[in-house]
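The next block holds one structure in the form of structure tokens; read it before the comments.
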Amino acid sequence: MEAVAAAERGEPERFFGVVADRFEAAARAVGGADDRHYRIAGCNVRLRFAGPALTSMLTPALEHLAVERSSDEASGPGRTLTVCLWDSASTGTSMPKAPWVWDTVSFRSEVPGYNTDRMLTVFDIGARALNLLDRQEDRAVYWVRDAAPIPAWETAAPLRAILNNWLATQGVQVVHSAAVGTSEGGALLVGEGGSGKSTTALACLESPLTYAGDDYCAFSTDPEPWAHSLYATAKADAKTLAALPGLAGITNVETSPDEKAILLLREKYDDKIVSGFPLRAVLLPHVEDRVDTEATAVSSGEALRALAPSTIQQLAGAGNEAWLRMSRLVRQVPCYRLHLGSDRARIPGVIQRLLEP
Amino acid sequence: MTQSFRVNSPTVIQETIDDEVIIANLDQGFYYSIDQLGVSVWNAMVAGATVMRIVESVAQHFGASHAEIEPGISLFFEELQKEKLIVPADVPADESAISAALQAGGMPAAYKQPELSKYTDMQQLLLLDPIHEVDETGWPAVPEKPQ
């Protein structure tokens with residue numbers, strides 16, 4: 001009941017205003033904000049950094065989508081999302097105490113009473129990052145107490161909660177998925193962790209197929225199904241790194257040997273990273289004890305079960321609307337199970353044949 | 001038996017796709033699927049059919065007695081309630097949608113008691129985040145980054 005009352009009293013908007021003011025103070029403290037412009041899933045996004053501490057951690061994954069600011073709009077028509085990013089440690093600017101009770105924060109880090117049709121309030125517990133979005137005003141804030149401890153996986157896929165929820169207002173759905181293809185057409189690779197999404201996507205880097213992401217991507221369905229790249233990074237375990245020697249030498253920003261490597265793919269595969277392509281299929285990779293890779297048709301329902309639950313679980317704010325978008329997609333394009341064989345070099349060929357008109 | 005139900009939205013989201021209903025409970029972190037006769041029963045329930053109405057239609061369609069069909073259908077509804085996927089509600093009956101769900105074309109060829117398949121892998125992922133402790137700043141403490 002208290003959570004509902006907070007929303008009715010306008011607490012989410014008030015708190016956003018307080019935090020946005022703190023960002024302005026942080027920017028003044030470091031001599032002004034550093035603006036970066038991006039075109040993400042066909043939409044304009046401006047990141048305003050107060051100081052350099054977060055810039056070097058959060059922008060490498062997005063650099064393939066960077067654009068020059070040429071006018072009020074970054075490079076194209078439509079609304080522009082402005083995200084203000086700051087940390088307290090490097091700017092010397094404190095954050096007011098959180099006005100909510102912490103033990104009520106949900107599994108997806110959403111703060112009860114502070115999430116409404118207009119406002120998103122998420123505290124990402126893993127990254128210790130506050131994510132605020134005002135959908136009506138196209139404004140967002142990202143704050144951490146200190147940039148230094150941000151985990152590598154956050155640098156691999158930054159601003160997920162904000163982008164997921166704002167892009168949804170633009171008809172774009174972020175999904176837990178990889179994506180590979182050509183300018184003629186590509187596929188989403190979907191499934192829970194360990195299913196072989198990354199293995200498949202990374203195997204395609206040495207093939208004619210291009211790459212739009214290995215963990216999180218986006219899609220839209222109007223006017224036609226289209227896959228959109230979000231991050232030019234890859235996560236790979238030791239087994240995948242050993243099987244794909246082409247990945248050797250790429251900077252791994254993950255410092256813990258127990259975690260998956262986080263690779264900045266543009267260092268070696270800049271020409272393979274694309275912003276998107278027409279979406280022609282949904283593929284469900286499955287690692288199997290075989291040599292060759294084979295594809296078999298699956299029902300739309302099976303594809304939805306592979307795509308929707310892990311997406312809904314991982315992306316704060318994703319609910320019924322996201323579910324419906326995903327169910328629409330798996331009805332629009334053919335869906336296949338990809339029975340992955342040990343000969344990784346043959347995987348891209350199987351996908352290419354599936355994508356042929 | 002004369003009760004009707006509604007989907008426990010917004011925490012429960014569901015979609016009938018091909019010949020399968022896929023349901024997610026965002027609060028609990030489980031997802032589910034229903035197929036065959038369960039799809040007909042689910043869609044009739046969503047359209048406002050009472051359990052009694054569903055039992056009668058299923059019994060008639062398969063040429064079985066009320067006593068043969070009722071336990072399986074009731075058990076199915078009990079499971080749906082136990083999983084908090086549906087809640088009792090006075091839902092206006094959409095007769096055309098109920099008929100479509102329970103008519104011959106909406107029913108499987110052979111009777112098989114409806115079943116709810118439950119998947120827990122989503123819930124396991126949800127349990128990864130521990131309850132966090134808040135320090136004097138009013139925010140969760142920042143963990144040490146591994147060296």
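A few notes on this one:
- In this structure the amide hydrogen of A:Gly51, modeled in the peptide plane, comes within under 5 Å of the amide hydrogens of A:Asp34, none closer than 5 places in sequence on its chain.
- With Cα atoms, 0 to 90° folded angle of helix B:51-62 axis to chain B main axis: 50 degrees
- Calculated mean residue ellipticity at 222 nm for chain A: -8000 deg cm²/dmol, from DSSP H runs with n ≥ 4 weighted as -39500 (n - 2.57), summed, divided by the residue count and rounded to 500.
- Within the accessible area of the stretch A:86-190, the carbon and sulfur atoms contribute 46%, probe 1.4 Å, all protein chains present.
- Relative to the longest principal axis of the Cα atoms of chain A, helix A:11-29 runs at roughly 90 degrees.
- The stretch A:91-134: trypsin sites (Lys or Arg not before Pro) falling in loop per DSSP and having at most 15 other Cβ within 10 Å: A:Lys97, A:Arg118
- Orientation-averaged projection of chain B equals 12.4 nm² [convex hull of Cα atoms, one quarter of hull surface area].
- Taking every C-alpha pair closer than 8 Å and separated by at least 6 residues, the mean separation divided by the residue count of the stretch A:213-357 gives a relative contact order of 25 percent.
- Mean projected area (nm²) of the alpha-carbon convex hull when the stretch A:118-184 is viewed from all directions: 5.9 nm²
- Mean separation of Cα pairs under 8 Å and 6 or more residues apart, divided by the residue count, gives chain A a relative contact order of 16 percent.
- With a 10 Å cut-off around each Cβ of B:22-30, the average count of Cβ atoms from other chains is 4.
- Chain A: angle of helix A:300-314 to the longest principal axis, Cα-based, in degrees nearest 10: 30 degrees
- In order along the stretch A:190-205, the Karplus-derived 3J(HN,Hα) couplings, from 6.51 cos²θ - 1.76 cosθ + 1.60 at θ = phi - 60°, round to 10, x, 6, x, x, 6, x, 4, 5, 4, 5, 4, 5, 5, 7, 4 Hz, and Gly and Pro are given as x.
- Net charge of the neighbourhood of B:Val46, taken over other residues with C-beta under 10 Å away and scored Lys/Arg +1, Asp/Glu -1, is 0.
- Overall Cα dimensions of chain A - principal axes, largest extent first, Å: 57, 43, 42
- Cα centroid separation, the stretch A:239-303 to the stretch A:155-202 (Å): 11 Å
- Set of lysines near A:Lys260 by C-alpha distance (under 29 Å), chain-local residues within fewer than 8 positions excluded: A:Lys197, A:Lys235, A:Lys239, A:Lys268, A:Lys272, B:Lys145
- Per residue of peptide B:14-21, the mean number of Cβ atoms on other chains within 10 Å of the residue Cβ is 6.
- Only protein heavy atoms count here, probed at 1.4 Å, and on that basis chains A and B bury about 3300 Å² of accessible area in total.
- Packing, taken as the mean count of other beta carbons within 10 Å per residue, orders the peptides B:19-29, A:173-183, B:91-101 from highest to lowest as A:173-183, B:19-29, B:91-101.
- For the stretch A:189-300, the solvent-accessible area of protein heavy atoms averages 41 Å² per residue (probe radius 1.4 Å; ligands and nucleic acids excluded).
- For A:147-157, mean number of other protein chain Cβ atoms within 10 Å: 1
- When only Cα pairs below 8 angstrom with a gap of at least 6 residues are kept, chain B shows a relative contact order of 32 percent.
The values are calculated or read from the model by the stated rules, or taken from the named source; none is laboratory data. The model shown is predicted, which means the values in this text are computed figures rather than measured ones. Backbone-built Cβ (ideal geometry, glycine too); neighbour counts: all protein chains shown. The area values use the complete protein model at the heavy-atom level, side chains included, leaving out ligands, DNA and RNA. Shrake-Rupley method; radii C 1.70, N 1.55, O 1.52, S 1.80 Å.
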